[in-house]
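Participant: Let me begin by handing over the structure; questions about it come next.
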Amino acid sequence: PQSLWFVKLPIGPTARFKFTSLILPKRIKNHGRPTGHRPELILNNFSTRLGHRLGRMLACLWPHDPQFRGRQVVTMHNQRDFIFFRHHRYVFEQNDKSGDVKARLQELGPRFTLKLKSLQLGTFDTTNGEYEWKHKPELDTSRRRFHI
């Protein structure tokens, strides 16, 4: 399924995304169950000026005081202007024979992909709104040039 997704903060900016590749937790093999703890947030590869702005905006969707005791992590990874969302938990396992502790990640879900379509200053306004960035086909001139 494919749809549009909006992120609006009280006084803006407003981002419009294309939302694709949704996989719900029940369809993820060996998925875990999330707890009520606030997750740690990892933003990866938001390196341009637009990427920094978008990263700060996405970070505002979660509280800034994670509860590390819950061992939950939300990762937003930018690769080729696609933002991959993942929700994991750290799982620590101790080997009975050697006593070594190994850490692994267990996916909690959901899993989806976002593609930025526009970033508008202020709140959403289709007639008088000022766009900070808007995707246009002529921006896709090179496979090596990315905006986020």
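The values are calculated or read from the model by the stated rules, or taken from the named source; none is laboratory data. Everything numeric here is computed off the predicted structure, so don't read it as measured data. Here the Cβ positions follow ideal geometry from the backbone for every residue, glycine too, while neighbour counts run over all protein chains shown.
Participant: Would you check which residues across segment 34-43 are in contact with a Gly (Cβ under 8 Å, 6 or more places away or on another chain) and loosely packed, with under 15 Cβ neighbours inside 10 Å and list them?
Facilitator: Thr35, Gly36, His37, listed by residue number.
Participant: Take Phe84 and decide whether it is among the aromatic types (Phe, Trp, Tyr) and either at pLDDT below 90 or not in a strand (DSSP E or B) (or both).
Facilitator: No, not satisfied.
Participant: May I ask you to list the residues in segment 63-93 that are surrounded by 13 or more Cβ atoms within 10 Å (Cβ to Cβ), without any contact (Cβ under 8 Å) to a residue 24 or more places away in the chain and within 16 Å of the chain's Cα centre (by Cα)?
Facilitator: Across segment 63-93, the qualifying residue is only His88.
Participant: Within segment 61-71, is even one residue in contact with a strand residue (DSSP E or B) (Cβ under 9 Å, 6 or more places away or on another chain), part of a strand (DSSP E or B) and not charged (D, E, K, R)?
Facilitator: Looking for residues that are in contact with a strand residue (DSSP E or B) (Cβ under 9 Å, 6 or more places away or on another chain), part of a strand (DSSP E or B) and not charged (D, E, K, R), one finds none in segment 61-71, hence no.
Participant: Turning to a different aspect of this structure: I'm checking my understanding of the structure. Among residues of segment 94-148 that are assigned to a loop (DSSP other than H, G, I, E, B) and among the polar types (S, T, N, Q), which one is surrounded by the fewest Cβ atoms within 10 Å (Cβ to Cβ)?
Facilitator: Within segment 94-148, the match that is surrounded by the fewest Cβ atoms within 10 Å (Cβ to Cβ) is Thr127.
Participant: Among residues belonging to segment 130-148 that are touching a residue at least 40 places away in the same chain (Cβ under 8 Å) and out of contact with any Pro (no Cβ under 9 Å at 6 or more places or on another chain), point out the one that is farthest from Asn78 (Cα to Cα).
Facilitator: Filtering segment 130-148 for residues touching a residue at least 40 places away in the same chain (Cβ under 8 Å) gives 132-133, 146-148.
Keeping just the survivors that are out of contact with any Pro (no Cβ under 9 Å at 6 or more places or on another chain) gives 133, 146-148.
Working: Trp133: 17, Phe146: 10, His147: 10, Ile148: 7 Å.
Applying the filter and picking the extreme gives Trp133.
Participant: One residue is enough: does segment 44-56 have a residue meeting the conditions surrounded by fewer than 17 Cβ atoms within 10 Å (Cβ to Cβ) and part of a strand (DSSP E or B)?
Facilitator: Checked segment 44-56: at least one residue is surrounded by fewer than 17 Cβ atoms within 10 Å (Cβ to Cβ) and part of a strand (DSSP E or B).
Participant: Select from segment 94-113 the residues that are among the polar types (S, T, N, Q) and touching a residue at least 40 places away in the same chain (Cβ under 8 Å) and list them in ascending order.
Facilitator: Listed by number, the residues that qualify are Gln106, Thr113.
Participant: I've got another one for you. Name the pairs: first residue in segment 20-41 and of a type in the set (S, T, N, Q), second residue modelled with pLDDT under 95 and assigned to a loop (DSSP other than H, G, I, E, B), Cβ to Cβ under 6 Å, at least 6 apart or on different chains?
Facilitator: From residues that are of a type in the set (S, T, N, Q), the pairs are Thr20/Gln2.
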